[in-house]
Amino acid sequence: MKKFINDPSMVEEQMILGMVKAHPQHLCKLDCGNVVVRAVKKEGKVAIISGGGSGHEPAHGGYVGTGMLDAAVAGAVFTSPTPDQIYEAIKAVATDAGVLMVVKNYTGDVMNFEMAAEMAADMDEIEVRQVVTNDDVAVKDSLYTVGRRGVAGTVFVHKIAGALAETGASLDQVQEMAQRVIDNVRTMGAAIAPCTVPAAGTPGFTLAEDEMEVGIGIHGEPGTHRETMRTADETAGMLLEQILGDLDYSGREVAVMINGAGATPLMELYIINNHVADVLAAKGVRVYRTFVGEYMTSLEMQGFSISLLRLDDEMKALLDAPADTPAWR
């Protein structure tokens, strides 16, 4: 294992400390663990919390700030944070307007966030609700989930629900909007090289030089199948076919996210987007905005995902609304 780290047991804490020191205008760290909250708490608005295992940077701490999240809770690499950590985050950011948790559909995450919400309700009378993201079209019921996995489309939930919360909307309204985004976003990815979890010290899986994993998860968990590598256009077209076959995008405006898994050059991501844009245009799907880059990574995995979000006018306005976070401005 070759990584620029110190002690594998300290990577999460040192990463969070480094993030806070780089962005003190946005973030501060709680003493209870690897939890970051807004540097300046905004009262009177619905507080939005997300999180999960580390290793997906800039998710989730990179999206804490004006117009997006109020707190992010980081577990160990690819491991859910504990209920105690999440509970402390809830207490730190809760307002009279309530708290909405955005949880990716992984069994540990869902269970621990739900336990934390129950603790906050029982002990502090804080109203906490949650939405569960499940945008991955590749795999239903995996080693880590019941139902579909929550992957890069979660970032659209952070952005759009966060923008609505910033306006002073009610908890009902923010939860409904978050669910609307979940209902209208689909994602699928592929990878050609694995990542190495620092605590493990060895790659999470192996691929032959001419192989790729199709439908892979953000923790390196298996997808639908392995096959011989194809060109960028062929691979993007295959993923896009699955996404378009899962939800009717005909005649709609969409936001596109071409998300890098951590070790895929921007050159390749833009080559992928070139084909995605052409396919969507040929099918009469209008691209409103496109996001290309690293939004939810898998350490140094060499891969990418495509997310498509069907938009309405309200979602478009919220997507365009100002945000000021370390990773989205």
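The values are calculated or read from the model by the stated rules, or taken from the named source; none is laboratory data. Computed from a predicted structure; not experimentally measured. Every residue, glycine among them, receives a Cβ derived from its backbone with ideal geometry; neighbour counts consider all protein chains shown. Keep in mind that these areas ignore ligands, DNA and RNA; they rest on the heavy atoms of the full protein, side chains included. Shrake-Rupley method; radii C 1.70, N 1.55, O 1.52, S 1.80 Å.
Rounded to a whole number, what is D in µm²/s for segment 80-181 from Stokes-Einstein with the Kirkwood radius over alpha-carbon pairs (10 °C, 1.306 mPa s)?
113 µm²/s
Based on the alpha carbons, how large is the Rg to Rh ratio for segment 1-153 when Rh follows Kirkwood? Before the final figure, lay out each step's value.
Values: Rg = 15.1 Å, Rh = 15.7 Å.
Rg divided by Rh gives 0.97.
Tell me the accessible surface of residue 286 in square angstrom (1.4 angstrom probe, heavy atoms of protein chains only), to the nearest ten.
130 Å²
Let's test the formula: R0 of 30 Å, r as the Cβ-Cβ distance of residue 172 and residue 115. What FRET efficiency results, to the nearest 0.05?
Numbers: r = 23 Å, r/R0 = 0.78.
Approximately 0.80, to the nearest 0.05.
Mind listing which GluC sites (Glu not before Pro) in segment 179-235 are in a DSSP loop and have 16 or fewer other Cβ atoms within 10 Å? If you can, show how the numbers build up before the last one.
Working: sites: 209, 211, 213, 227, 234; in loops: 209.
The qualifying sites are 209.
Of the residues 190, 282, 74, which exhibits the maximal mean-square fluctuation in a Gaussian network model of the chain defined by a 10 Å Cα contact cut-off?
282
On the full set of protein chains, 1.4 Å probe, figure out the accessible area of residue 5 and give it in Å² to the nearest 10.
Residue 5 exposes around 60 Å² with every protein chain in place.
What number, in percent, do you get for the relative contact order of segment 237-329 if the mean sequence gap of Cα pairs under 8 Å and at least 6 apart is divided by its residue count?
Over segment 237-329, the number comes to 40 percent.
What does the charge add up to near residue 126, with Lys and Arg as +1, Asp and Glu as -1, over the other residues with Cβ less than 10 Å from its Cβ?
The answer is -4.
Keeping all protein chains in place and using 1.4 angstrom, which order do 288, 63 fall into by accessible surface area, from largest down?
Result, largest first: 288, 63.
Keeping every protein chain in place, order 49, 271, 126 by accessible area at 1.4 Å, biggest value first, i.e. largest first.
271, 126, 49
Please give every one of the aspartates and glutamates within straight-line cross-link reach of residue 41, meaning a C-alpha to C-alpha distance under 18 Å, and leave out same-chain neighbours fewer than 8 residues apart.
Filter leaves 31, 70, 88, 96, 127, 166, 324.
Using only Cα atoms, figure out Rg for segment 211-274 and give it as a multiple of 2.2 N^0.38 Å.
Against the compact-globule rule of thumb, the ratio is 1.19.
Measure up 140/316; 3/104; 45/91; 42/104; 45/159 against 21 Å on the Cα-Cα distance and list the ones that go over.
140/316; 3/104; 42/104, as the Cα separations exceed 21 Å there.
Using DSSP, restrict attention to beta bridges with both residues in the chain and report what percent are antiparallel, rounded to the nearest 5.
Beta bridges within the chain, antiparallel portion: roughly 55 percent.
Taking the alpha carbon gyration tensor of the chain, what are the square roots of 5 times its eigenvalues, largest first, to the nearest whole Å?
30, 24, 17
For the chain, what does the accessible surface come to per residue with a 1.4 Å probe? Please give it in Å².
That works out to 41 Å² for each residue.
Quick one: Debye curve from the alpha-carbon atoms of segment 137-184 only, equal weights, vacuum; give me log10 I(q)/I(0) at q = 0.15, 0.16, 0.33 Å⁻¹ to two decimals.
So the normalised log intensities are -0.46, -0.51, -1.15.
Report the full-extension gain for the segment residue 234 to residue 210: residue separation times 0.36 nm, less the Cα-Cα distance, to one decimal in nm.
Numbers: separation 24, 0.36 × 24 = 8.64 nm, distance 1.47 nm.
This chain segment gains 7.2 nm when fully extended.
Projecting each Cα onto the charge dipole of the chain (Lys/Arg +1, Asp/Glu -1 at the beta carbon, about the Cα centre), which of 34, 152, 22 comes out farthest on the positive side?
Result: 22.
Length gain on complete extension for the stretch residue 289 to residue 10, per 0.36 nm per residue less the alpha carbon to alpha carbon distance?
Residue separation times 0.36 nm, minus the Cα-Cα distance, leaves 96.6 nm.
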